[in-house]
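Worksheet for the structure shown next.
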Amino acid sequence: MSRKLDIKHGRVDMSHGAGGRAMGRLIEDIFLAAFENPWLRAADDQAAFDVAAGRMAMTTDAYVVSPLFFPGGDIGLLAINGTVNDLAMSGAKPLYLTASFIIEEGFAFADLKRIAESMGAAARAAGVTVVAGDTKVVERGKADGVFISTAGVGAIPAGLDLSCRRVRPDDVVVLSGCVGDHGAAVMSKRENLEFETEIVSDCAALNGLVADMVAAAGPHLRAMRDPTRGGLAAVLNEFAHAARVGFRIEESAIPVRPEVAAACEFLGLDPLNVANEGKLVAVVAPQGAAAMVETMRAHPLGRDAVVIGRAVEDANGFVEMRTAFGGGRIVDWLAGEQLPRIC
Amino acid sequence: MKYVDEYRDGALAGRIAETIKREVRPDREYRLMEFCGGHTHAISRYGLEDLLPENIRLIHGPGCPVCVLPMARIDLGIACALRPGVTVCVYGDMMRAPGSGGSSFLKVKAAGADIRMVYSTLDAVKIAEKEPDREVVFFAIGFETTTPPTALAVRAAERKGLKNFSVLCNHVLTPAAMTAILESGGEDGVRVEGFIGPAHVSTVIGSEPYKVFARHYKKPVVIAGFEPLDVAQAILMLVRQINDGRAEVENEYIRAVTREGNARAQAEVRALFELRERFEWRGLGFLPSSALRLRPEFKAFDAEARFDLIESRAKDNPACECGAILRGVKKPAQCRLFGTVCTPETPMGSCMVSPEGACSAHWTYGRFRERAKDAAA
């Protein structure tokens, strides 16, 4: 094997994606060091593991956020937590992840290492293992630093069947905390907006919170989704569309941090359309709502959990909101591309 | 959020709404035009109509910069962007505005043209400075509010000695549009009994220029801020003027608007710009003395002169009712394209593009009211 990487000063060049010794070195010094586990050490083309009886959940996601580092996180943290959360929204216990890196020629080893270490720490915190990976290097200008794609599998507890199609009229909509933090944090960095209080991304793995919710609400739980791109508004519209119901929500119930509200005001965004990376929306049958909200509030990531409205019969599938001002309005999907490359 | 939440207070809104309900005369209709898209947006986003008695009819006015820009001007910007070596900087709202043949800045950008979205005119100047090999054109739109920032950009470019920066000027004037609406009589005209006057525009031009509408046209004008309580309060003030038979210019937005306006901004605009003899407005046609262009001494910064741009005639989709909607003659839902082929994702007309446009605001926030009306019928 070649000489150790000069992490402090070195940069990724085309040889690090060519399948030769240089690539081996990159994997060894950066990725294996960060993700340390027997599957990766085995250096096979795949990871083999035992599966329990029952149903599995599987998901995949690509991460292209700009900037790569932002207050409260980085692309690596997003890549782990985002995929963990997608699995958790089915009620699954996330188990194994894979990670693919598309790296732009010239990318600093130090940044790559920082990202990989952030991923390793996030994976350990969420109780998942990165068991397989891939590295590609593309010419300068053909990517933007690094793009990461992760996939994951998880085990769904017996008897649990969460799906947006199961939402019924009268079901209760619960939000786990304030909205818009991640999008506002990334946008304010990107637009160089200076606020007195720095806005921090809410990026977090929600599988712990979900496990508590599943224990508390069990079969009353109908559907969950993490409101990433498109925000809370997109999730409610997706649910409405899939289940052929409408929603009636209360603006005054939806928590938004003052600094996020201010940033949104400044950028002309609606916090309901802005991305979150550590929040979830759960729809629960009325009889399961109170206990579930109480359980959520006992978890650090669900401290501000709140009922924001209900599902109703509505042939149009409208998400209607009573504004804090007192009037009614629709909460629509985001139109256009206000927030490119938010995750 | 301090200085904002105070103007969105639900309890106060309820009290103003009660007063309005008490004071309106049940035997008459109050037809009030909110001139600005900012008002239209606030009315829709906060559901203000739900708080008002039925005989107050809010008519959306033409004060949305993207909405009133005719296709021919968008075509000019696109033509500019298609030239080799040219970068066109636009405000975000412009990206989707439809030009001829279904084109838009967004579409030509996808096809390879260099279109950049900017938040500030000075960002465009910065791009010109950083990329001296590119011809950077700022596509300037808007009423009196956005004209001073354009002036500032030209001054900055002049000071920095930039030879690769120019402005494609589409700045238009509010009083000219208000006059056009009041003069458009007959079947095609709209009956307006009072104006909710512009917020940001008035911070620049002051309250003086509206006097003519009170004195000559006998229409009350209440200048109002863009927060929902501002609009509610202005409606109450207009109801009182109409009930009293008064026609005055009143200022609800005293926290920002003075009688004289911003003298420095006005002086800069006068120094750099001159009146065009006429300018085309979507929905209102060619209006005399209704728009600005750079003065001849700033020709070097005028994209129209620099690139020999000639406006060609462009035809709107004949089914699109943006024109009638901008004049307040029709409501968005009365257009047969509304919500069928024309939505914010695929706008056919300009009123569906900007969040301040009447169609976009109604589609995004208010379209559930059509269902309520259908059910009532």
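The values are calculated or read from the model by the stated rules, or taken from the named source; none is laboratory data. Because the structure is predicted, anything quoted here is derived from the model rather than measured. With ideal geometry, Cβ positions are generated from the backbone for all residues, glycine too; neighbour counts draw on all protein chains shown.
Here is how the numbers come out for the structure above:
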| quantity | calculated |
| --- | --- |
| Residue in segment B:300-319 that is in contact with a helix residue (DSSP H, G or I) (Cβ under 8 Å, 6 or more places away or on another chain), under 16 Å from B:Val201 (Cβ atoms) and either of a type in the set (Gly, Ala, Ser) or buried (at least 16 other Cβ atoms within 10 Å of the Cβ) (or both) present | no |
| Residue check, B:Glu297 within 14 Å of chain A (Cβ to nearest Cβ), surrounded by fewer than 16 Cβ atoms within 10 Å (Cβ to Cβ) and more than 28 Å from B:Glu183 (Cβ to Cβ) | no |
| Candidates B:Arg270, B:Arg367, filtered to the one that is within 14 Å of chain A (Cβ to nearest Cβ), over 20 Å from the mean Cα position of the chain (by Cα) and surrounded by fewer than 24 Cβ atoms within 10 Å (Cβ to Cβ) | B:Arg367 |
| Among the residues listed as B:Ser289, B:Ser350, B:Ser312, the single one being within 15 Å of B:Gly61 (Cα to Cα) and either touching a residue at least 24 places away in the same chain (Cβ under 8 Å) or not assigned by TED's automatic domain parsing to the domain that holds B:Tyr46 (or both) | B:Ser350 |
| Which numbered condition B:Asp123 misses (of (1) within 14 Å of another protein chain (Cβ to nearest Cβ); (2) touching a residue at least 12 places away in the same chain (Cβ under 8 Å); (3) within 17 Å of B:Val353 (Cα to Cα); (4) assigned to a helix (DSSP H, G or I)) | (3) |
| Inter-residue pairs, beta-carbon under 9 Å, first more than 9 Å from chain B (Cβ to nearest Cβ) and farther than 14 Å from B:Gly47 by Cβ and in segment A:309-321, second among the aromatic types (Phe, Trp, Tyr) and in a strand (DSSP E or B), 6+ apart | A:Gly309/A:Phe247; A:Arg310/A:Phe247; A:Ala311/A:Phe247; A:Val312/A:Phe247; A:Gly317/A:Phe247 |
| Any hit, segment A:257-265, residues being in contact (Cβ under 8 Å) with a residue 12 or more places away in the chain and not in a helix (DSSP H, G or I) | yes |
| Unmet requirement for B:Gly77, which otherwise passes all of (1) within 28 Å of A:Phe266 (Cβ to Cβ); (2) in a helix (DSSP H, G or I); (3) within 14 Å of chain A (Cβ to nearest Cβ) | (3) |
| Helices (runs of 4 or more DSSP H) contained entirely in segment A:163-254, each with at least 3 residues that are modelled with pLDDT of 95 or more and within 14 Å of another protein chain (Cβ to nearest Cβ) | A:231-243 |
| Considering residues of segment B:85-96 that are outside any helix (DSSP H, G or I) and in contact with a strand residue (DSSP E or B) (Cβ under 9 Å, 6 or more places away or on another chain) only, the residue farthest from the other protein chains (Cβ to nearest Cβ) | B:Val86 |
| Residue that is over 21 Å from the mean Cα position of the chain (by Cα), assigned by TED's automatic domain parsing to the domain that holds B:Phe286 and among the hydrophobic types (A, V, I, L, M, F, W, C), where the choices are B:Leu173, B:Leu162, B:Leu229 | B:Leu162 |
| Hits in segment B:47-73 - residues which are within 13 Å of another protein chain (Cβ to nearest Cβ) and within 19 Å of the chain's Cα centre (by Cα) | B:Leu58, B:Val66 |
| Test set (1) farther than 25 Å from A:Cys203 by Cα; (2) modelled with pLDDT under 95; (3) exposed (fewer than 15 other Cβ atoms within 10 Å of the Cβ) - A:Ser66 fails condition number | (1) |
| Condition check for B:Glu6: among the acidic types (Asp, Glu) and within 14 Å of chain A (Cβ to nearest Cβ) | yes |
| Hits in segment A:303-343 (condition: of a type in the set (Gly, Ala, Ser), within 20 Å of the chain's Cα centre (by Cα) and within 30 Å of A:Phe147 (Cα to Cα)) | none |
| Members of segment B:20-33 that are surrounded by fewer than 17 Cβ atoms within 10 Å (Cβ to Cβ) and either within 14 Å of chain A (Cβ to nearest Cβ) or in a strand (DSSP E or B) (or both) | B:Lys21 |
| Filtered residues of segment B:208-252 (kept if of a type in the set (Val, Ile, Thr), farther than 19 Å from B:Gly37 by Cβ and in contact (Cβ under 8 Å) with a residue 40 or more places away in the chain) | B:Val239, B:Ile242, B:Val249 |
| When residues of segment B:97-109 are limited to those that are among the small types (Gly, Ala, Ser) and within 14 Å of chain A (Cβ to nearest Cβ), the one nearest to B:Arg134 (Cα to Cα) | B:Ser104 |
| Residue identified as outside the structural domain of A:Ala290 (by TED's automatic domain parsing) and under 28 Å from A:Met119 (Cα atoms) among A:Ser201, A:Ser149, A:Ser188, A:Ser176 | A:Ser149 |
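Residues checked against (1) surrounded by 11 or more Cβ atoms within 10 Å (Cβ to Cβ); (2) closer than 23 Å to A:Thr150 by Cβ:
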{"residue": "A:Lys8", "(1), (2)": "no, no"}
{"residue": "A:Glu28", "(1), (2)": "yes, yes"}
{"residue": "A:Leu40", "(1), (2)": "yes, yes"}
{"residue": "A:Ala48", "(1), (2)": "no, yes"}
{"residue": "A:Arg55", "(1), (2)": "yes, yes"}
{"residue": "A:Thr60", "(1), (2)": "yes, yes"}
